[in-house]
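A short write-up of the structure that comes next.
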């Protein structure tokens, strides 16, 4: 499984990439997309939605099941990945790139440090 070293991970299989301007991209991990198999629909969050860590931020539907995606940190949604509307399979083919789900403004930036480091996430998924 691909587990990039520049990200932090939630035990519920979301990743977060904090950008230089303090915003962050969120998505699901390679492990998660592999477990879900073919993703056919994404219900992304609306811009302006404020969430606390652990709240449902999006829903991803695959040929197997619908799965809730959780906010790994307290945040406000800035934008959703519009490309997923036309091609939800981007999450399968490029989960850490074009398959990001949303961009957020961090409410408590220090929370990112409480998420799993890459080695700890690798250990979790075996």
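Since every read-out is calculated from the coordinates, none of them should be taken as a lab result. Predicted model only: the values in this text are computed from it and were never measured. All Cβ positions, glycine included, derive from the backbone under ideal geometry; neighbour counts span all protein chains shown.
Some observations on this one:
- The range 8-114: relative contact order in percent, alpha carbon pairs under 8 Å with at least 6 residues between: 31 percent
- Both numbers refer to the Cα atoms of the chain; Rg and Dmax are 13.2, 37 Å.
- log₁₀ of I(q)/I(0) at q = 0.22, 0.24, 0.26 Å⁻¹ - the range 53-126, Debye sum with one point per alpha carbon: -1.23, -1.30, -1.32
- Rg and Dmax of the range 40-84, both derived from C-alpha coordinates alone, stand at 10.8, 30 Å.
- Net length available on complete extension from residue 107 to residue 119 is 1.8 nm, with 0.36 nm assigned per residue and the Cα-Cα distance removed.
- Highest-MSF residue in the chain out of 109, 44, 95 [GNM, Cα springs under 10 Å]: 109
- Order of 13, 31 under a 10 Å beta carbon neighbour criterion, fewest first: 31, 13
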